[in-house]
Amino acid sequence: MDALELQDLRKTYRGGHEALKGIELCVPEGEFFALLGPNGAGKSTAIGIIASLVTKTSGRVRVFGHDLDRDPMGVRRAIGLVPQEFNFNQFEPVEEIVINQAGFQGIPRREARARAESELRQLDLWDKRRVSARELSGGMKRRLMIARALVHRPPLLILDEPTAGVDVEIRNSMWEFLQDLNRQGTTIILTTHYLEEAEALCRHIAIIDHGRIVENANMLELLTRLHQEILVLNLRQPLREPPAIEGMTLRCLDPLTLEVVVRRDQSFNRLFCELERHGIEVLSLRNKKSRLEQLFMNLLGNAA
Amino acid sequence: MNAYWIAFQTIVVKETMRFVRIWPQTVLPAVVTTTLYFIIFGRLMGERIGPMDQMAYIDFIAPGMILMTVITNSYANVVSSFYSGKFQRHVEELLVAPVPNGVILAGYVCGGILRGLAVGLAVGGVAAWFVDFHPHSPLLVLLVFVLTSAVFATGGFINAVFANSFDDISIVPTFVLTPLTYLGGVFYSIDLLPAVWQKVSLFNPILYMVNAFRYGIYGVSDIAIGWALAIMLGFLASLSAVALYLLHKGIGIKS
């Protein structure tokens, strides 16, 4: 069964702005799916419609077979939403926020308490359960929204920019948590500006631009479409001029940093053999841009 | 237990905890203001004003004073709570959950009624220091109490749906509710008014509520009780229909 199915989804706001121009999208059950796009592309509008926060102009939304028009309550039961902006009562204690959300989902108070404890413990917020939400750090507030979204154990979790503004350590622990959740069977859809996040977590991506899906493919398949990769090498000894290597473009960013453009049909082995032949010792290397970022820019460039 | 019933209970508990947590802002001011009203208008001035509708002036104003605080507090509870939910966006917690619009409305209105009840009881306690209460019909007192607070809680909900700023939630209480309450027969019997103004007063719904409440306590009223109850039920049904329509269309809460 598909976790999410969008058919010809359109949204025109009151001022006439056409945010979605007929989106078609299918997310299979169990998928870890990224919805990417520049600011204003229509990602949040699409998520808003799926989560019943935005009224669609036309089109069809189905979540695990529940039609948004015919069975809106079934759709809402199946979704857990972690929005981009903090949207809880800042003056309520952390535990109460999660328990109340369980109550809105129809879970009896006693069970709601047990579930809130379990979610807050998993997200390292149990010690803060009696603290007013406004006293939490940014990362804790994001985790609180995840705990709240999961308290009714939804089969589909939608996260809109879940790691925006959180530090690397928290981001990594959130990545691990989400990967575990996905392994346990929860379908996850996320939007993110951090393309390395999508590349690290998601198996499938759709790119939305100007209200249309411009790409929708498996991550591996997409990455194989990259024609070249740009590597940045850190050197042991300073270099005055880059060596000439046939078929590759090299330039010195500074005496200890070398940038190399490698086409897909060229091997890295040859690059390192040539560098060794020129007596250049490489200490470390990294991609200049994430591979997905490169592809993203290419796709948006083509779409424009 | 039915999921919608649990959701309703959750909203009511959440709303109740909200006004209980901030009781110095929600309950105490009404008690202080009413005490002052009783001392100044009831005791100091009331004795010079003389009887009204064959009763002491302080006895006459007591039911209206209680109902005035019920009206103000029921309205204020819902308008401030729902608007602050919109402002902080935590109303989205309800919109994404499987909670029907009727349950959302009923939950907030019930929260408003409970605040009206809490403040009404506190003010009633103050009134008991000044007035000897022996309710003529306790059932009618309770019915009017609940209907009045439900009407104004629903009105507060509609105001909150349309409000775009904190200024918008104070306009109706200041320019509509307060004048209507003061002209609704709290401090005088409409028999004192010239014939034209008596007729104009009959368009003020608060007049019916105050008189029905006064009848419940003393068995004395300017207007027919059946008519008063019908008007309250009519207002409640109409305002509820408007509120449900707004929720259904997502006006003021969805883009």
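The values are calculated or read from the model by the stated rules, or taken from the named source; none is laboratory data. On a predicted model such as this, the values are computed, not experimentally measured, just so you know. Using ideal geometry, Cβ is built from the backbone for each residue, glycine included, and neighbour counts are taken over all protein chains shown.
Details
- So B:Val27, is it modelled with pLDDT of 90 or more and either farther than 18 Å from B:Ala160 by Cα or β-branched (Val, Ile, Thr) (or both): no
Every residue, every condition in (1) surrounded by 14 or more Cβ atoms within 10 Å (Cβ to Cβ); (2) modelled with pLDDT under 85, yes or no:
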position	(1), (2)
A:Gly247	no, yes
A:Pro255	no, no
A:Glu259	yes, no
A:Ser267	no, yes
A:Arg270	yes, no
A:Arg277	no, no
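- Top-ranked residue of segment A:159-168 - restricted to ones that are touching a residue at least 60 places away in the same chain (Cβ under 8 Å) and hydrophobic (A, V, I, L, M, F, W, C), ranked as farthest from A:Ile99 (Cα to Cα): A:Ala164
- Each residue in segment B:1-22 was checked for being surrounded by fewer than 14 Cβ atoms within 10 Å (Cβ to Cβ) and either touching a Gly at 6+ places or on another chain (Cβ under 8 Å) or within 30 Å of B:Phe187 (Cβ to Cβ) (or both), and 2 pass.
- Single residue of B:Val96, B:Val103 found to be β-branched (Val, Ile, Thr) and in contact (Cβ under 8 Å) with a residue 12 or more places away in the chain: B:Val103
- Applying the criterion of being part of a strand (DSSP E or B), of a type in the set (Asp, Glu) and touching a strand residue (DSSP E or B) at 6+ places or on another chain (Cβ under 8 Å) to the residues of segment A:219-271, the residue that is farthest from A:Asn287 (Cα to Cα) is A:Glu259.
- Residue match in segment B:140-162 (condition: within 18 Å of B:Phe213 (Cβ to Cβ) and not in a helix (DSSP H, G or I)): no
- The residue that is nearest to the other protein chains (Cβ to nearest Cβ), among those in segment A:83-104 that are surrounded by fewer than 23 Cβ atoms within 10 Å (Cβ to Cβ) and in contact (Cβ under 8 Å) with a residue 60 or more places away in the chain, is A:Pro83.
- Given (1) away from chain A (no Cβ under 14 Å); (2) part of a helix (DSSP H, G or I); (3) touching a residue at least 60 places away in the same chain (Cβ under 8 Å), number of the condition B:Leu246 does not satisfy: (1)
- Picking from residues in segment B:40-52 that are surrounded by fewer than 18 Cβ atoms within 10 Å (Cβ to Cβ) and in contact (Cβ under 8 Å) with a residue 24 or more places away in the chain, the one that is nearest to the chain's Cα centre (by Cα) is B:Phe41.
- Selection status of B:Val103, crowded, with 24+ Cβ neighbours inside 10 Å, under 21 Å from B:Gly252 (Cα atoms) and within 13 Å of chain A (Cβ to nearest Cβ): no
- Consider segment A:144-189 and keep the residues that are within 16 Å of A:Asn87 (Cβ to Cβ) and surrounded by fewer than 19 Cβ atoms within 10 Å (Cβ to Cβ). The one that is modelled with the lowest pLDDT is A:Gly165.
- Top-ranked residue of segment A:65-80 - restricted to ones that are out of contact with any Leu (no Cβ under 9 Å at 6 or more places or on another chain) and in contact (Cβ under 8 Å) with a residue 24 or more places away in the chain, ranked as farthest from the other protein chains (Cβ to nearest Cβ): A:Gly65
- Within segment B:160-180, the presence of a residue that is of a type in the set (S, T, N, Q) and surrounded by 17 or more Cβ atoms within 10 Å (Cβ to Cβ) is excluded.
- Residues satisfying the stated conditions in segment B:184-220, i.e. over 17 Å from B:Ala127 (Cβ atoms) and either in contact with a Lys or Arg (Cβ under 6 Å, 6 or more places away or on another chain) or among the β-branched types (Val, Ile, Thr) (or both): B:Ile190, B:Val196, B:Val200, B:Ile206
- Of everything in segment A:105-138 that is within 12 Å of chain B (Cβ to nearest Cβ) and farther than 18 Å from B:Glu93 by Cα, the residue that is nearest to the chain's Cα centre (by Cα) is A:Glu111.
- Only one of B:Val176, B:Val196, B:Val210, B:Val200 that is assigned to a helix (DSSP H, G or I) and in contact with a Gly (Cβ under 7 Å, 6 or more places away or on another chain): B:Val210
- Residue in segment B:221-230 that is hydroxyl-bearing (Ser, Thr, Tyr), buried (at least 17 other Cβ atoms within 10 Å of the Cβ) and either out of contact with any His (no Cβ under 8 Å at 6 or more places or on another chain) or under 28 Å from B:Pro100 (Cβ atoms) (or both) present: yes
- Selection from segment A:134-158 of residues that are among the aliphatic types (A, V, I, L, M), in contact (Cβ under 8 Å) with a residue 24 or more places away in the chain and in a helix (DSSP H, G or I): A:Leu144, A:Met145, A:Ile146, A:Ala147, A:Ala149, A:Leu150
- Unmet requirement for A:Arg62, which otherwise passes all of (1) more than 7 Å from every other protein chain (Cβ to nearest Cβ); (2) modelled with pLDDT of 95 or more; (3) touching a Ser or Thr at 6+ places or on another chain (Cβ under 9 Å): (3)
- Tabulated pairs, segment A:109-133, first touching a residue at least 40 places away in the same chain (Cβ under 8 Å), second among the small types (Gly, Ala, Ser), C-beta under 7 angstrom, 6+ apart or interchain: A:Leu123/A:Ala147
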